[in-house]
Amino acid sequence: MNKLHTQTGYTSAASSEVEINKVLRNTYMLLAITLAFSALTAGIAMAINLPYGVGLMMTIAALGLIWFVLPKTANSAAGLGVVFAFTGLIGAGIGPMLNHYLALSNGPTLVLQALGGTAIIFFSLSGYALTTRKDFSFLRGFVVTGIVVMILAMLVLMGASLFGYYVSAFHLAFSAGVILLMSALILFQTSAIIHGGETNYLLATTTLYLSVVNIFTSLLHLLGVSSD
C-alpha cells in the first residue's frame, strides 16, 4: 500500500512538473511572438506617422482588452486573439513615441540602448528566478500596491502635462519606479509559473509583456532626459 502511495506521489509530481514546463514553454514562445508582432505594428504606426492622440487611444483600448475581455476568454481559443489584439495595439501606440525619440540627433542610439537595457534586465531576472527556483510570492503585496500607485501617479503626471506643468525630477522618479516595479513583477510572475501558481500561459504572457514594454519605455525616457 505504501509502495503504491509512493508511486502515485511520484507520478503526480512528474505530471505537475510536465505541466509547469509546458506553461513556461508556451509563455516564452508566445511572448517572443507577441513582441515581434508589436514591433511590426509599431513600425507601421511610425511609417504612417500615427498621431500621438490616436496612439494614446490605442493604448487605452489595449488596456481595456486585458482588464475586461481577456479574463473572460483566457481559457478559450478566443483569448489568443485578444492577446494579439492587445499587443498589436500597444505596439502601434508606442509608434508615435519612437518617432519622437528617433527624430533626436542621437535618437537611434537611445532606442538601441533602451532595447539592450531591457533585454539585460529581463533575461537576468528571469534567469535568476528559473535557476534558483526561489519563491517570490512575497512580492505580491508590493506589486499590487505598486501598480495602483503607478496608475495614480501616471494620471497626475498626465493631468499636470495638460496644464503645461512638467517637472523632470518627478518624471525621472516615476520612470525609475516603474522599472523597479516591473522588475519585481517579472520575478513574481516567473516564480508563479515555476511553482504552479500560474497555469494560464495567456495571462502569464500578458503580464511579462507589459513588464518588458514598461521597462523599455521607462528606460528610453530616462536615457532621453539624461541625454538632453
Between region 81-148 and region 201-218, how far is it from one alpha carbon centroid to the other, in angstrom?
6 Å
Rounded if a/c under 1.5, otherwise prolate or oblate - the chain, Cα gyration tensor axes:
prolate
I need the phi-derived Karplus couplings for region 107-114: 6.51 cos²θ - 1.76 cosθ + 1.60, θ = phi - 60°, integer Hz, Gly and Pro marked x.
x, x, 5, 4, 5, 5, 5, 5
With point charges of +1 on the Cβ of Lys and Arg and -1 on the Cβ of Asp and Glu, referenced to the Cα centre of the chain, which listed residue (GLY159, ALA85, GLY177) lies farthest in the positive direction of the dipole?
ALA85
Charges on Cβ only, +1 for Lys and Arg, -1 for Asp and Glu, centred on the Cα centroid of region 2-227; of ASN99, LEU222, LEU125, which one is farthest towards the dipole's positive end?
LEU125
From the square roots a ≥ b ≥ c of the eigenvalues of the alpha-carbon gyration tensor of region 102-162, which class results: rounded (a/c under 1.5), prolate (a/b over b/c), or oblate?
oblate
Hey, what did the chain get for relative contact order, percent, Cα under 8 Å, at least 6 apart?
28 percent
How large is ³J(HN,Hα), in whole Hz, for each residue of region 143-160 in order, when computed from phi with the Karplus curve 6.51 cos²θ - 1.76 cosθ + 1.60 and θ = phi - 60°, using x for Gly and Pro?
5, 4, 5, x, 5, 4, 5, 4, 5, 5, 5, 5, 5, 5, 5, 5, x, 5
Order of MET154, MET58 under a 10 Å beta carbon neighbour criterion, fewest first
MET154, MET58
If each K or R counts +1 and each D or E counts -1, the residues other than THR207 whose Cβ falls under 15 Å of its Cβ total 0
Given the candidates GLN113, VAL18, PHE142, the one whose Cα lies deepest towards the positive end of the charge dipole of the chain, counting +1 at each Lys or Arg C-beta and -1 at each Asp or Glu C-beta, is VAL18
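By count of other Cβ within 10 Å, fewest leading, how are HIS100, HIS221 ordered? Intermediate values should be presented prior to the final figure.
Working: HIS100 13, HIS221 21.
Listed from fewest to most nearby Cβ atoms, that is HIS100, HIS221.
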Through the Karplus equation 6.51 cos²θ - 1.76 cosθ + 1.60, θ set to phi - 60°, convert the phi angles of region 192-208 into ³J(HN,Hα) values in whole Hz; use x for Gly and Pro.
4, 5, 6, 9, x, x, 10, 10, 10, 6, 5, 5, 5, 5, 5, 5, 5
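No value in this document is a laboratory result; all are computed from the given coordinates. Just so it is clear, the model here is predicted, and its values are computed rather than measured. Neighbour counts run over all protein chains shown; Cβ positions are idealised from the backbone, glycine included.
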